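Written below as structure tokens is the structure these notes are about.
The values are calculated or read from the model by the stated rules, or taken from the named source; none is laboratory data. The model shown is predicted, which means the values in this text are computed figures rather than measured ones. Note that we place each Cβ from the backbone using ideal geometry, even for glycine, and neighbour counts take in every protein chain shown. Protein only, heavy atoms only, side chains kept; ligands, DNA and RNA dropped before computing areas. Shrake-Rupley method; radii C 1.70, N 1.55, O 1.52, S 1.80 Å.
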Amino acid sequence: HHPDIRTPGSLLVELCASVPDGIVAFFTSYAYMESIIADWDGMGILRDVTKHKLVFIETKDVVETTLALDNFRRACDSGRGAVFLSIARGKVSEGINFDRHYGRAVIMFGVPFQYTLSHVLRARLEYLQTHYQIREQDFLNFDALRQTAQCVGRVIRSKTDYGLIVLADSRYSRHDKRSKLPKWMLQFLGEECLNLSTDMAMSHVRHFLRVMSQPVDQEKLREVLLTIEEVQDMNRSLTAEPAADVPGPGGAMLPPTVAN
């Protein structure tokens, strides 16, 4: 048994009880996820989770995982709610989006470092050290935190989307790890969000959900979204003056009923 195996399990139960619709949980490897699930099952934690949400699990079988994702979405659409247990660097973390009610919270169990005995990785690390003087540990830290950001970013897919991000590992509070997270995460990761107990974390969760459940302020929404007319003007200017190798400005459109 992992010495603190009950703590992340209790956190997941609390999240499932408080967060509506879909939750996604990421583990660092299949072996780690399987051992944790086995322990949680023996402790009755999975039974407590299923009182609030259905549980779906990513496997190495693509067909099985695709079917699990379909059923996960059905459970969210029906109002039953579901939690999807998946793997960092797996199929789900690489290209599946959990936008809107499919991902109101994402939790990362552990720091997803690469398997360092891989021959390909060893060669890459040696190359970086020889040609760019990048230390092995610096690259591994950067790579792991980049993967973390990719996983948790699955739940924030548009300007009007929202979701909770829970990094369930004390190593994320260390400056050498935290500083490598992208700015869109760091801007919300103040000292008051670090090294929290489960009770303190759930207090933050409930406050966030209360705030986000309020009606959208249409005036403030106009400040960050483009109207249809503004998008059309941009398209005309881009057509008139094409710029080579420069990405054009983007933005979401307000529907006519909101824009007028």
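General observations
- The listed residues are 170, 158, 197, and the only one of them that is hydroxyl-bearing (Ser, Thr, Tyr) and over 26 Å from residue 6 (Cα atoms) turns out to be 158.
Yes/no matrix, rows are residues, columns are (1) touching a helix residue (DSSP H, G or I) at 6+ places or on another chain (Cβ under 7 Å); (2) open to solvent by 90 Å² or more (accessible area, probe 1.4 Å); (3) polar (S, T, N, Q); (4) closer than 28 Å to residue 142 by Cα:
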| position | (1), (2), (3), (4) |
| --- | --- |
| 170 | no, no, yes, yes |
| 180 | yes, no, no, yes |
| 183 | no, yes, no, yes |
| 199 | no, yes, no, no |
| 211 | no, no, no, no |
| 214 | no, yes, yes, no |
| 231 | no, no, no, no |
| 236 | no, yes, no, no |
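- Taking first residues from region 69-90 that are within 23 Å of residue 18 (Cβ to Cβ) and partners that are among the basic types (Lys, Arg) and surrounded by 19 or more Cβ atoms within 10 Å (Cβ to Cβ), the Cβ contacts under 8 Å between residues at least 6 apart in sequence or on separate chains come to 75/53; 80/53; 81/53; 82/53; 83/53.
- Those strands (runs of 3 or more DSSP E) of region 1-105 in which 2 or more residues are open to solvent by less than 10 Å² (accessible area, probe 1.4 Å) and either touching an Asp or Glu at 6+ places or on another chain (Cβ under 9 Å) or closer than 23 Å to residue 144 by Cα (or both) occupy 22-27, 82-87.
- Pairs linking a residue in region 98-117 that is without any contact (Cβ under 8 Å) to a residue 40 or more places away in the chain to a residue that is basic (Lys, Arg) and open to solvent by 50 Å² or more (accessible area, probe 1.4 Å), with Cβ atoms under 9 Å and 6 or more positions apart or on different chains, are 114/89; 116/122.
- Any hit, region 153-168, residues being modelled with pLDDT under 95, in a helix (DSSP H, G or I) and of a type in the set (Val, Ile, Thr): yes
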